[in-house]
Amino acid sequence: MTQKTKRWPVIDLGACVKCGGCIEVAPEVFFYNEAGDYFEVAELRSYDIELVDEAIKLCPADCIGWEGEP
Ligand code: SF4
């Protein structure tokens, strides 16, 4: 069963190198904001911990993290 969480992922936009890797790993969580030319976290009621952790692990700029309750 997929784990859900009250935490939410955040992207440090200053560090993001816009590689698009997070979208490949978790397309329902991350998306590209074309108008603003930055990567963004979708507003979801809960986030799949495993998927987000995978994106965190693969992000080359190490700029994705968790906020909220552990
Ligand atoms: S994987 Fe990391 S560096 Fe690449 S677009 Fe996503 S947040 Fe930015």
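The values are calculated or read from the model by the stated rules, or taken from the named source; none is laboratory data. Worth saying up front: this structure is predicted, and the values here are computed from it rather than measured. Positions of Cβ are backbone-derived with ideal geometry, glycine not excepted, and every protein chain shown enters the neighbour counts.
If you check Val10 against the conditions, is it on the phi < 0 side of the Ramachandran plot, modelled with pLDDT of 95 or more, hydrophobic (A, V, I, L, M, F, W, C) and more than 8 Å from the ligand (Cβ to nearest atom)?
Here the answer is yes, as Val10 does meet what is asked.
Here is a yes/no grid of residues against (1) near the ligand (Cβ under 9 Å from one of its atoms); (2) in contact with a helix residue (DSSP H, G or I) (Cβ under 8 Å, 6 or more places away or on another chain); (3) touching a residue at least 40 places away in the same chain (Cβ under 8 Å):
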position: Lys18; (1), (2), (3): yes, no, no
position: Gly21; (1), (2), (3): yes, yes, no
position: Phe30; (1), (2), (3): yes, yes, no
position: Asn33; (1), (2), (3): no, no, no
position: Ala42; (1), (2), (3): no, no, no
position: Asp48; (1), (2), (3): no, no, yes
position: Ile56; (1), (2), (3): yes, no, yes
position: Ile64; (1), (2), (3): yes, yes, yes
position: Glu69; (1), (2), (3): no, no, yes
